[in-house]
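The values are calculated or read from the model by the stated rules, or taken from the named source; none is laboratory data. Values in this document were obtained by computation on a predicted structure and should not be read as measured data. Note: ideal-geometry Cβ built from the backbone for every residue, glycine included; neighbour counts use all protein chains shown.
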Amino acid sequence: MAAAFSVRRADYDSANDAAALVMLLDAYASDPAGGGEPLSAYTKTHLVCELAARPQAYSVLAFDGEAPVGLVNCIEGFSSFACKPLVNVHDVAVLASHRGRGIAEAMLAEAERIAVERGAIKMTLEVLSGNAPAVRLYQRVGYAGYQLDPAMGSAQFLQKLLPPAPGSE
């Protein structure tokens, strides 16, 4: 029988939640699904205060007893077509030792509850096509590809890296 776990919104002002958030995101970043590189010292030091400075950001943490085991980071955006907020699920991380226990699904449900509370009309996320367990999870909980008109095809997630701003890391 799987151990019980709890899920709740992170408190960026809590030293324990801040440490949990950084530890979990670093574990995710170090995993092949997260890029295979640990977080930089700058990110480890500044991540929580930068999230806290953004009212559009929120995070959800999962705990096995007192031990942090999962994280979801969300950033509110805006749907110009609907003229309402949307929420992008930016990170979903569960420690390898705790995968397959429903933790990510429970965290996504809490993230969705908060998004609805904020008046969001939809949630978005990106996932690597080779991460089959994550793709199956997201589809199971209602995420699907995006298109407006089938003749125009499906949306693609693209990125363009920018140079650092003067005076930043």
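Points worth noting:
- Taking each residue of the range 3-15 that is under 11 Å from G102 (Cβ atoms) and in contact (Cβ under 8 Å) with a residue 12 or more places away in the chain and looking for partners that are of a type in the set (V, I, T) and surrounded by 13 or more Cβ atoms within 10 Å (Cβ to Cβ) with beta-carbon atoms closer than 6 Å, six or more apart or interchain, yields F5/I103.
- Qualifying positions in the range 41-59 - within 16 Å of L71 (Cβ to Cβ) and either over 17 Å from the mean Cα position of the chain (by Cα) or free of Cβ contacts under 8 Å to residues at least 40 places away in the same chain (or both): T43, K44, L47, V48, E50, L51, A57
- In the range 123-134, the residues that are at pLDDT 95 or above and loosely packed, with under 15 Cβ neighbours inside 10 Å: none
Yes/no matrix, rows are residues, columns are (1) touching a strand residue (DSSP E or B) at 6+ places or on another chain (Cβ under 6 Å); (2) farther than 22 Å from M23 by Cβ:
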| position | (1), (2) |
| --- | --- |
| G65 | no, no |
| E76 | yes, yes |
| V89 | yes, no |
| A96 | no, no |
| G100 | no, no |
| A111 | yes, no |
| E126 | no, yes |
| Q159 | no, yes |
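- Of the residues making up the range 80-99, those that are in a loop (DSSP other than H, G, I, E, B) and either free of Cβ contacts under 8 Å to residues at least 12 places away in the same chain or crowded, with 23+ Cβ neighbours inside 10 Å (or both) are S80, F81, C83.
- Positions within the range 114-169 being in a helix (DSSP H, G or I) and either basic (K, R) or touching a residue at least 12 places away in the same chain (Cβ under 8 Å) (or both), in sequence order: I114, A115, P133, A134, R136, L137, Y138, R140
- Residues in the range 100-120 that are surrounded by 15 or more Cβ atoms within 10 Å (Cβ to Cβ) and more than 17 Å from the chain's Cα centre (by Cα): 1 in all.
- Within the range 15-54, tally of residues that are closer than 24 Å to E105 by Cα and not in a helix (DSSP H, G or I): 3
- Exclusive hit being touching an Asp or Glu at 6+ places or on another chain (Cβ under 7 Å) and at pLDDT below 95, set A3, A33, A10: A3
- Residue in the range 58-66 that is out of contact with any Phe, Trp or Tyr (no Cβ under 9 Å at 6 or more places or on another chain), surrounded by 14 or more Cβ atoms within 10 Å (Cβ to Cβ) and part of a helix (DSSP H, G or I) present: no
- Test: residue in the range 17-40 that is more than 30 Å from Y146 (Cβ to Cβ), in contact (Cβ under 8 Å) with a residue 24 or more places away in the chain and of a type in the set (S, T, Y): yes
- Conditions (1) crowded, with 18+ Cβ neighbours inside 10 Å; (2) farther than 28 Å from P38 by Cα; number of the one not met by G142: (1)
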